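To keep things clear, I will list the structure first and then write my remarks on it.
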Amino acid sequence: AAAQRAFTQKGFDAAGLREIAAEAGVNAALVNRYFTSKEGLFAEAVVPHLNLDPLLEGDRKTFGQRAAAYFCSKSYAGQAFDPTLAFLRSMASPEVAASLRGAAEMAVIAKIARWLGGRNAKQRATLIAAQLIGIDLLRRVLEIDALNEAQAAKAVPLVARSLQALVDDG
């Protein structure tokens, strides 16, 4: 939990292993013993939580609306751990780039591609993931006004159509 909080708030590079260990009430050597490294800790604390499965449940015809509504209004306010923010704030780190790429490809893109089926499923799934991650980045990290909570009513239908077109293109 301490690692999840630190990676959410600071990203991989800025989160210190000693700081995480101190918050958890353990010695940094103990963290290294169980997780081998800060990279191993990140892989255990964050990567398994990158999951879009709930969005794939339900009617395919309403995926765009479901996903747009979720990503244009999602909030983890008051929660210490946000796997998407931990991912976004860590993805530029060379130490965890391979781990994040693997998680994105296996836990997100491959699942969406299987769900989509049809032609160009992997490319369509990748474009869906790119849109969702981009929206989250612009809305919650950069806090772009056009995607703020007050603008959700305008953004959701636009995003929904774009996403649904990728679902229906197969």
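No value in this document is a laboratory result; all are computed from the given coordinates. It should be emphasised that the depicted structure is a prediction, and the values quoted were computed from it without experimental measurement. Reconstructed Cβ throughout: ideal geometry from the backbone, glycine too, with neighbour counts over all protein chains shown.
Here are the numbers for the structure shown:
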quantity: Candidate aspartates and glutamates for bridging to LYS154, where Cα separation is under 15 Å - those fewer than 8 sequence places away on the same chain excluded; calculated: ASP145
quantity: Between the stretch 148-164 and the stretch 39-56, the alpha-carbon center distance in angstrom; calculated: 25
quantity: Highest-fluctuation residue, GLN131, GLN79, GLN65 considered, GNM on the chain with Cα pairs under 10 Å; calculated: GLN79
quantity: Student exercise, the chain dipole from Lys, Arg, Asp, Glu Cβ charges, in Debye to nearest 20; calculated: 360
quantity: Within a Gaussian network of the chain (alpha carbon springs, distance under 10 Å), most fluctuating of ILE144, ILE109, ILE20; calculated: ILE144
quantity: Candidates LEU142, LEU17, LEU88: whichever shows maximal mean-square fluctuation once the chain is modelled as a Gaussian network with Cα springs under 10 Å; calculated: LEU142
quantity: GluC sites (Glu not before Pro) restricted to the stretch 1-57 and DSSP loop, no more than 16 other C-beta within 10 Å; calculated: GLU57
quantity: Among the listed pairs LYS38/LYS74; LYS61/LYS122; LYS38/LYS122; LYS10/LYS111, those beyond 23 Å (Cα-Cα); calculated: LYS38/LYS74; LYS38/LYS122; LYS10/LYS111
quantity: Difference of contour (0.36 nm per residue) and Cα-Cα distance, MET106 to SER37; calculated: 22.6 nm
quantity: Candidates per GluC sites (Glu not before Pro) in the stretch 65-170, loop by DSSP, up to 11 other Cβ within 10 Å; calculated: GLU143
quantity: Cα-based equivalent ellipsoid of the chain: semi-axis lengths in Å, sorted from largest, via gyration tensor; calculated: 32, 19, 12
quantity: Computed [θ] at 222 nm, helices only, for the chain once each DSSP H run of length n ≥ 4 contributes -39500 (n - 2.57); calculated: -19000 deg cm²/dmol
